[in-house]
Amino acid sequence: MDAKTCLQKLQYVGVLAFATVDEYGAPQIRNISAIHYEPQAMYFFTAKGKAFCKELLADGRVQVLGYTKYKEMIRLSARAIPAPESDQKKWIDTIFSEQPYLSNVYPGDTRNLAGIVFQITDAEIEYFNLGVNPIFRENYTIGSSHITFKGYQIGESCISCGTCLNNCPQRCIEPGNHYQIKQEHCLHCGNCFEVCPVKAVEKRG
């Protein structure tokens, strides 16, 4: 798995949930399908008059979520910015050619008057597959983004008692003189954090 494959999987999903925050700090989610994909970027169309557009212009931070029929969750955390003005028509035409239904929504030149294309070229991607055993998760980036570490790790105060392993639903903890969590199989459920008798389990990030 890699970032390019994650973007391809999102393309297969088709309709994605885009999450933003409005001017009052309330979460807002929209389903968006007017999207064009490049190997390391995503472009999407919306109308300038929509609250979604105003939120993106005001802040830019967005999370994009897709869920495949194979129980794969793919989430992009990014900052969306308007595509360069000189490229707007090109991307609008590209998106409309790939999504013919849009011509029924914005016929003729109304698409260029009403619409704007945003681009995501820097993003952190989280891939989480619940359809395999053990579960599998990994993080990737596109552009200049970086990975935010989440979940849990076992610190140096570990006494190797095995309590964490015995309470791990995925058995993703390796025993030894100092127990370790196999991060690619960790649910981030926090069981190990709750049961450790010496508080050796630490939150990451």
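Taken together, the values in this text are just the output of simple stated rules run on the coordinates, not laboratory data. Please read these numbers as outputs of a predicted model, since none were measured by experiment. Methodologically, a virtual Cβ is constructed for each residue, glycine included, from the backbone with ideal geometry; neighbour enumeration extends over all protein chains shown.
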**Complete:** Apart from one, (1) in contact with a Pro (Cβ under 7 Å, 6 or more places away or on another chain); (2) part of a loop (DSSP other than H, G, I, E, B); (3) not acidic (D, E) all hold for L165; the odd one out is (2)
**Request:** Answer yes if at least one residue in segment 117-130 is in contact with an Asp or Glu (Cβ under 6 Å, 6 or more places away or on another chain) and farther than 30 Å from C196 by Cα, and no otherwise.
**Result:** no
**Asked** Of the residues that sit in segment 42-85 and are assigned to a loop (DSSP other than H, G, I, E, B) and among the charged types (D, E, K, R), which one is farthest from T110 (Cα to Cα)?
**Response** K71
**Item:** Filtered residues of segment 39-53 (kept if touching a residue at least 12 places away in the same chain (Cβ under 8 Å) and either under 22 Å from L113 (Cβ atoms) or charged (D, E, K, R) (or both))
**Value:** Y43, F44, F45, T46, A47, K48, G49, A51, F52, C53
**Item:** Of all residues in segment 42-96 being touching a helix residue (DSSP H, G or I) at 6+ places or on another chain (Cβ under 8 Å) and of a type in the set (G, A, S), the one that is farthest from T20 (Cα to Cα)
**Value:** A83
**Message:** Name the single residue that is surrounded by the most Cβ atoms within 10 Å (Cβ to Cβ) among those in segment 112-131 being more than 30 Å from H185 (Cβ to Cβ) and free of Cβ contacts under 8 Å to residues at least 60 places away in the same chain.
**Reply:** N112
**Request:** Among the residues of segment 105-135, write down those that are among the charged types (D, E, K, R), assigned to a loop (DSSP other than H, G, I, E, B) and over 14 Å from R79 (Cα atoms).
**Result:** D109
**Qualifying residues in segment 136-156 (those that are in contact with a Phe, Trp or Tyr (Cβ under 9 Å, 6 or more places away or on another chain) and of a type in the set (V, I, T)) - the one surrounded by the fewest Cβ atoms within 10 Å (Cβ to Cβ)** = I147
**Request:** Just one of (1) within 28 Å of the chain's Cα centre (by Cα); (2) over 14 Å from R204 (Cα atoms) trips up T148, so point out which.
**Result:** (2)
**Message:** Tell me whether segment 157-173 contains one or more residues that are touching a strand residue (DSSP E or B) at 6+ places or on another chain (Cβ under 8 Å), closer than 22 Å to M1 by Cβ and crowded, with 16+ Cβ neighbours inside 10 Å.
**Reply:** yes
